[in-house]
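Report on the following structure.
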Amino acid sequence: MFDFFFSQYSNYQTHDIILEIIAVLLGIASVWYAKKDDILVFPTGMISTLIYVYLLWKWTLWGDMIINGYYFIMSIYGWYHWTRKKGDIIEFPISVISTNEKRISLFIFIFTVAFVVAVYHYFNKFNTWYAYVDTFVTGIFFVAMWLMAKRKIENWVFWIIGDLVSIPLYFAKGLTFTSFQYIVFTIVAVYGYLEWKKTLNSSQPALKE
């Protein structure tokens with residue numbers, strides 16, 4: 001059983017394995033803070049994604065590297081967006097996606113998939129089944145991260161879809177610890193949606209007043 005899950009690490013350098021574990025732990029912490037609507041989601045996530053950018057570049061997993069680079073950039077935006085206030089009132093609280101934001105989300109998804117397809121073709125990376133799945137998951141995660149930065153509750157739906165697909169995907173890529181991470185991500189994302197929904201419902205009467 002141990003060999004089934006971890007035999008792929010036999011060819012990895014020890015420091016890369018340690019880095020992956022650190023990135024996994026910080027990633028889990030980041031999702032937990034997101035569930036709590038805590039600003040610490042961003043610094044923990046940024047360190048995690050930087051580590052992954054390095055590892056994925058080293059392992060030539062371009063689609064995943066692009067995702068994590070994007071996470072880092074959007075974390076900077078999200079950090080700024082979440083801290084904006086008018087006096088003591090948060091300027092952008094948890095809310096529901098608007099019609100215009102739905103259009104933007106669709107555009108982000110289509111553009112991202114097209115971009116990743118172009119990158120994979122350029123580097124001749126469409127040589128495994130998971131390369132094709134990557135294009136779909138990357139689009140899903142780009143939308144999820146944008147919606148989270150905008151503090152839209154629907155971000156959790158996209159995270160859940162992407163996380164579920166990523167569990168077998170990362171195991172197939174030989175990143176067992178990261179695969180386990182996405183199991184935790186899925187569970188936390190479900191609770192995150194429920195917690196944000198509760199916060200949103202409790203704030204609606206105050207908004208109507």
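Here, each number is a calculation from the coordinates, and none is a lab measurement. Because the structure is a prediction, the values reported are computed rather than measured. Backbone-built Cβ (ideal geometry, glycine too); neighbour counts: all protein chains shown.
Counting every alpha-carbon pair across region 118-209, the share separated by more than 23 Å comes to 37%. When the listed pairs K35/K173; K35/K86; K85/K150; K35/K85; K86/K197; K35/K152 are checked against a 19 Å cut-off, the alpha-carbon distance exceeds it for K35/K173; K35/K86; K35/K85; K86/K197.
Helix 99-122 and the longest principal axis of the Cα set of the chain meet at an angle near 10°. Gyration tensor analysis over the Cα atoms of the chain returns equivalent ellipsoid semi-axes of 31, 19, 15 Å (largest first, whole Å). The stretch between L50 and L19, if pulled fully straight at 0.36 nm per residue, gains 10.1 nm over its current Cα-Cα span. Annotation: the residues F142, F171, sorted from fewest to most other C-beta atoms within 10 Å of their own C-beta, follow the order F171, F142. Among M74, M145, sorting on how many other beta-carbon atoms sit within 10 Å of each Cβ, with the fewest leading, yields M74, M145. Against the chain, whose longest principal axis is taken from its Cα atoms, helix 14-35 shows a tilt of about 20°. Were the residues from V184 through A118 laid out at 0.36 nm apart, the gain over their Cα-Cα distance would be 20.6 nm.
Extension gain, L200-F177: 0.36 nm per intervening residue step, less the Cα-Cα distance, totals 4.9 nm. With respect to the chain, whose longest principal axis is taken over its alpha-carbon atoms, helix 62-83 is tilted by about 20°.
Shape of region 44-109 from its Cα gyration tensor (a ≥ b ≥ c, root eigenvalues): rounded if a/c is under 1.5, otherwise prolate when a/b > b/c, or oblate?
On the way: a/c = 4.55, a/b = 1.62, b/c = 2.81.
Note, shape of region 44-109 comes out oblate.
Label point 7 Å out from Y191 along Cα-to-Cβ: which residues of region 8-50 have amide N under 12 Å? Flagged as within label range: 29, 31-36. Report summary: the helix-based calculation at 222 nm, which adds -39500 (n - 2.57) for every DSSP H run with n ≥ 4 and divides by the residues of the chain, gives -27000 deg cm²/dmol. Here the spin labels are modelled as points 7 Å beyond Cα on the Cα-Cβ line, and at S98 and T60 they lie 4.5 nm apart.
When only the Cβ of Lys, Arg, Asp and Glu is charged (+1, +1, -1, -1), the dipole of the chain relative to its Cα centre reaches about 560 debye.
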